[in-house]
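The values are calculated or read from the model by the stated rules, or taken from the named source; none is laboratory data. If you're wondering where the values come from, they're calculated on a predicted model, not measured in any experiment. Here the Cβ positions follow ideal geometry from the backbone for every residue, glycine too, while neighbour counts run over all protein chains shown. Heads up: the accessible areas ignore ligands, DNA and RNA and are worked out on the full protein's heavy atoms, side chains in. Shrake-Rupley method; radii C 1.70, N 1.55, O 1.52, S 1.80 Å.
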Amino acid sequence: MSTPAELAAQLSALFRSDTLDTAESSAKSANAFILDKLNLRENQDADAQRRVLFNITGACVDEQVAQTISTAVLSELIALMSQSASELGQDVRQATLEHLLSKVQQRTSAFESVIIETRRALADMLMSEEKWEEAAQQLQGIR
């Protein structure tokens, strides 16, 4: 399993490519990167999935990764975690979003859009479980 620092270097190298000239191609590359690292075909247990996703999050907030790269990858990660039909369990998806939120809030001004997107995804997830108060708390955190 790659460390956050190794993943950060891989992300920077991937997005330096000249072929990533549009937001759509960046999103596709970010999605492919996440799915490749997650490697769902290997039937990893929930703890292994969580570690991979936490390391990807750590890589994205690493200062050696450009803000545009971090935002693209984190947006794709949030989209993946928001899919209820995902091969990932609810607990893994929720833990990942909570971890992502705690990491990016350390750099609030740099990741404001990611924080809002994450809080909305968490609120949607909590509302689907009828955890109204927790969902409301997430939405209240949006400034």
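What to note about this one:
- Test for ARG120: is it part of a helix (DSSP H, G or I), open to solvent by 50 Å² or more (accessible area, probe 1.4 Å), over 23 Å from SER26 (Cβ atoms) and among the basic types (Lys, Arg): no
- Residue that is surrounded by the most Cβ atoms within 10 Å (Cβ to Cβ), among those in region 127-143 that are assigned to a helix (DSSP H, G or I) and among the hydrophobic types (A, V, I, L, M, F, W, C): ALA135
- Of all residues in region 55-92, those satisfying the criterion of being surrounded by 13 or more Cβ atoms within 10 Å (Cβ to Cβ), among the hydrophobic types (A, V, I, L, M, F, W, C) and not in a helix (DSSP H, G or I) are VAL61, VAL65, ALA66, LEU88.
- Pairs, first aliphatic (A, V, I, L, M) and modelled with pLDDT under 90 in region 75-102, second open to solvent by 10 Å² or more (accessible area, probe 1.4 Å) and assigned to a helix (DSSP H, G or I), C-beta under 7 Å, six or more apart: LEU88/GLN49
- Close pairs (7 angstrom Cβ cut-off, 6 or more residues apart or separate chains): over 16 Å from HIS99 (Cα atoms) in region 30-51, among the small types (Gly, Ala, Ser) and in a helix (DSSP H, G or I) anywhere: ALA30/ALA72
- Within region 93-114, the residues that satisfy the criterion of being of a type in the set (Val, Ile, Thr) and either open to solvent by less than 20 Å² (accessible area, probe 1.4 Å) or within 24 Å of ASN39 (Cα to Cα) (or both) are THR96, VAL104, VAL114.
- Test: residue in region 42-51 that is surrounded by 14 or more Cβ atoms within 10 Å (Cβ to Cβ) and under 15 Å from the mean Cα position of the chain (by Cα): yes
- Subset of region 29-58 [within 12 Å of MET1 (Cα to Cα) and of a type in the set (Val, Ile, Thr)]: VAL52, ILE56
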